[in-house]
Amino acid sequence: MIYFIGAGPGAVDLITVKGKELLEKADLIIYAGSLVNPGLLDYAKPECVIMDSASMTLEEVIAAMVPAAQEGKLVVRLHTGDPSVYGAHREQIDLLRSYNLDFEIVPGVSSFCAAAAALDAEYTLPNVSQSVIITRMEGRTPVPPKQKIADYAAHKATMVIFLSSGMLDKLQHELIRGGYKADTPAAIVYKASWPDERVLRCTVGTLAACAAEYNITKTALITVGDFLGCEYERSELYNPTYTHMFRQADPSKLNLKPEVK
Ligand code: SAH
């Protein structure tokens, strides 16, 4: 059996219980060494074979996994964050299917969730943004037409931009070209949940300067939008004047205050 496991954003205790238990049982672990915290490998049993995929091709990864799985070994492919976000696990799955091998995907905490936590932020604030756009700048990996930064910027929704911290001059230019004002709040979250995490609050117009000042060129997420500001409306879900499936409206509860000790 082959498990694709989300390692979480960095901190070793942000892997799921299921992910950790599988690491403990694994006979072969192939991990994405560029971003997965090597501390997670301490969960492996001593005889487990461990390979870093950073210098491997897709074909080499498959060539390592297939014989091990065919011998009945427990194989773990450990991806950073959640595998579904820029994880490149689909191409592995499709090749494994062609060998009739069983696999399962174990989700993980994506770095965009860890970045929100580091910012004390909610991406989907009522009446500010009800959508989160996860995207990236075009680099050596092309981005399809109509999915460029400027296309998305026009929506003024929350944006979380992966894989782009080395291109911030261009990114801020594209965000402004798409419709964001230069003074729109933005933040750079470097190594969310790692011990050396950094949270830099800035604006769209100062993204590049801010990253240059703190020498940030990789392992960072760029978040953009008014969810980083101070204005929003309270939720209806928890509003005493609002009735829903689990609660009858009771406006008198608007006066409810905690007992202060
Ligand atoms: N599957 C991963 C993303 C892999 S792409 C996930 O779900 O998070 C790699 C990019 O993710 C990096 O270039 C960076 O933009 C971002 N990233 C990964 N871990 C990060 C972290 N702890 N803090 C900030 N950004 C991170």
Query raised in the report: Going 7 Å from the Cα of ASP169 in the Cα-to-Cβ direction, what parts of the stretch 178-209 have a backbone nitrogen less than 18 Å from that spot?
Result: 204-209
Requested in this report: Please report, in debye to the nearest 20, how large the charge dipole of the chain is about its Cα centre when each Lys and Arg carries +1 at its beta carbon and each Asp and Glu carries -1 there.
Outcome: 560
Query - Overall form of the stretch 1-121 per C-alpha gyration tensor (a/c, 1.5; a/b vs b/c) - result: prolate
Requested in this report: Return the tail of the calculated pair distribution for the chain, meaning the percent of Cα-Cα pairs more than 25 Å apart.
Outcome: 54
Query raised in the report: Under the definition of Cα pairs under 8 Å and six or more residues apart, what whole-number percent is the relative contact order of the stretch 2-109?
Result: 45
Report summary line: Taking 0.36 nm per residue of separation between ARG247 and LYS261 and subtracting their Cα-Cα distance, the length gained on full extension comes to 2.2 nm
Query raised in the report: Once Lys and Arg get +1 and Asp and Glu get -1 on their Cβ, which of SER252, ILE2, HIS79 lies farthest toward the positive end of the dipole of the chain?
Result: SER252
Requested in this report: Work out the length of the dipole vector of the stretch 1-156 about its Cα centre, built from +1 on the beta-carbon of each Lys and Arg and -1 on the beta-carbon of each Asp and Glu, and round it to the nearest 20 debye.
Outcome: 460
**Report entry** Rounded, prolate or oblate (a/c below 1.5 giving rounded, otherwise prolate when a/b exceeds b/c) for the stretch 112-228 by Cα gyration tensor
**Finding:** rounded
Query raised in the report: Normalised by the number of residues in the chain, what is the relative contact order in percent for Cα pairs under 8 Å and 6+ residues apart?
Result: 18
Query raised in the report: Considering only Cα-Cα distances, which of the following residue pairs are longer than 23 Å: LYS20/LYS45; LYS148/LYS170; LYS156/LYS218?
Result: LYS156/LYS218
Query - Gyration tensor (alpha-carbon) shape descriptor, the stretch 174-234, a/c threshold 1.5 - result: oblate
Query - Spatially proximal aspartates and glutamates relative to LYS191 (Cα-Cα < 18 Å; intrachain offsets below 8 disregarded) - result: ASP13, ASP82, ASP120, GLU213
Report summary line: Expressed as a whole-number percentage, the relative contact order of the stretch 88-163 with C-alpha contacts under 8 angstrom and at least six residues apart is 27
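Values in this text are rule-based calculations from the coordinates and carry no lab data. The shown structure was predicted, so the numbers you read here are calculated from the model rather than taken from an experiment. Cβ atoms come from the backbone with ideal geometry, glycine included; neighbour counts cover every protein chain shown.
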